[in-house]
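The values are calculated or read from the model by the stated rules, or taken from the named source; none is laboratory data. The structure displayed is predicted, hence computed values, not measured ones. Don't worry about glycine lacking a Cβ; one is built from the backbone with ideal geometry, like all the others, and counts go over all protein chains shown. In case anyone asks, the SASA skips ligands and DNA or RNA and just uses the protein heavy atoms, side chains included. Shrake-Rupley method; radii C 1.70, N 1.55, O 1.52, S 1.80 Å.
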Amino acid sequence: MSSPTQAHSAPARIDARERFQTDPQFSAAERDAVYRAIHTRRDVRGEFLPDPIPDEVLARVLTAAHHAPSVGFMQPWDFIVVRSREVRARIHADFLAAHAEAEQMFDEDKRATYRNLKLEGILESPVNICITCDRSRHGPVVIGRTHIGAMDVYSAVCAVQNLWLAARAENLGVGWVSILHQQALRAALGIPPEIVPIAYLCVGYVRDFHARPELEAAGWLKRVPLPQLLHFDGWQGQADAAGEGLAEAVRQVRPFPR
């Protein structure tokens with residue numbers, strides 16, 4: 001049994017070589033690879049191939065997701081890997097019901113376009129992954145979540161983005177299916193009521209990656225120019241000379257070659 005002195009002793013000093021990265025700088029090629037993954041990532045729906053994903057590839061992608069930033073280092077996520085055709089068929093049936101409901105929410109002039117959009121690859125992709133958030137992990141008081149309660153949910157979304165970019169680097173497509181009833185998703189996957197489903201993702205190799213996001217190419221919406229979204233020192237704050245310099249630099253940036 002440890003003495004009080006031992007129990008409350010200061011943590012052992014860690015050698016600086018263990019505290020800091022030994023090679024923190026990115027080469028130009030490494031930097032460009034990160035930007036290429038960001039700019040060529042797509043929400044994949046209709047291009048999935050049935051080819052299986054090797055375990056070592058899926059393991060790397062899941063490990064990348066698990067290394068996302070999280071408030072208080074709480075790591076609130078879990079990953080449900082869904083390969084069962086029966087389970088995916090149940091989720092697909094709910095998608096069809098939700099999709100029909102969603103169609104009626106749009107103006108008539110957009111319904112035909114919506115109806116013809118391919119919005120999921122639940123059955124076509126070989127693997128589906130549901131990322132969840134356990135909001136009670138590590139107790140009610142978590143560093144960084146004391147004043148903004150949704151930070152754990154935001155953290156779980158970071159895991160989604162990490163997974164998506166890692167998958168793109170592995171030449172895998174990912175599609176986020178959000179047209180689902182949460183209760184039906186919970187029932188299909190046995191998710192307890194205290195666990196929040198964050199994202200239901202279709203993952204697999206693809207025939208092609210679209211040059212532009214499908215909704216943009218279909219004329220549903222256009223990408224908003226970034227300078228229109230920049231504010232300085234406050235909401236709707238106008239740019240001073242330094243801000244104008246940044247805005248001009250933004251205008252000169254071109255997305256990575258597709």
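Could you please find all residues in the range 59-94 being open to solvent by less than 70 Å² (accessible area, probe 1.4 Å), in a helix (DSSP H, G or I) and over 19 Å from ILE198 (Cβ atoms)?
Those that are open to solvent by less than 70 Å² (accessible area, probe 1.4 Å), in a helix (DSSP H, G or I) and over 19 Å from ILE198 (Cβ atoms): ALA59, ALA89, HIS92, ALA93.
Of the conditions (1) open to solvent by 100 Å² or more (accessible area, probe 1.4 Å); (2) modelled with pLDDT under 95, ARG36 fails just one. Which one is it?
Single failed check for ARG36: (2).
I'd like the residue in the range 232-258 that is open to solvent by less than 60 Å² (accessible area, probe 1.4 Å) and in contact with a Phe, Trp or Tyr (Cβ under 7 Å, 6 or more places away or on another chain) and, out of all such residues, is nearest to VAL57 (Cα to Cα).
PHE256
The conditions are (1) within 22 Å of TRP220 (Cα to Cα); (2) surrounded by 14 or more Cβ atoms within 10 Å (Cβ to Cβ), and ASP107 fails exactly one of them. Which is it?
(2)
Being acidic (Asp, Glu) and in contact with a helix residue (DSSP H, G or I) (Cβ under 6 Å, 6 or more places away or on another chain) is the filter; apply it to the range 65-112 and report the residue that is nearest to ALA169 (Cα to Cα).
ASP94
Going by what's in this entry, would PHE48 be described as of a type in the set (Phe, Trp, Tyr), open to solvent by 60 Å² or more (accessible area, probe 1.4 Å) and either in contact with a strand residue (DSSP E or B) (Cβ under 7 Å, 6 or more places away or on another chain) or at pLDDT 95 or above (or both)?
no
Here are some conditions: (1) touching a helix residue (DSSP H, G or I) at 6+ places or on another chain (Cβ under 9 Å); (2) open to solvent by less than 30 Å² (accessible area, probe 1.4 Å). GLU170 meets all but one. Which one does it not meet?
(2)
Consider LEU229 carefully, then state whether it is surrounded by 10 or more Cβ atoms within 10 Å (Cβ to Cβ) and within 29 Å of VAL153 (Cα to Cα).
So LEU229 fails the test.
Could you check the range 186-227 and list, in sequence order, the residues that are in a loop (DSSP other than H, G, I, E, B) and free of Cβ contacts under 8 Å to residues at least 60 places away in the same chain?
Result: GLY190, PRO192, PRO193, ALA211, ARG212, LEU221, LYS222, ARG223, VAL224, PRO225.
Taking the conditions exactly as written (under 28 Å from ARG251 (Cα atoms) and of a type in the set (A, V, I, L, M, F, W, C)), does LEU165 satisfy them or not?
yes
Kindly check whether there is at least one residue in the range 134-148 that is in contact with an Asp or Glu (Cβ under 7 Å, 6 or more places away or on another chain), open to solvent by less than 40 Å² (accessible area, probe 1.4 Å), in a strand (DSSP E or B) and over 25 Å from LEU96 (Cα atoms).
Yes - at least one qualifying residue is present in the range 134-148.
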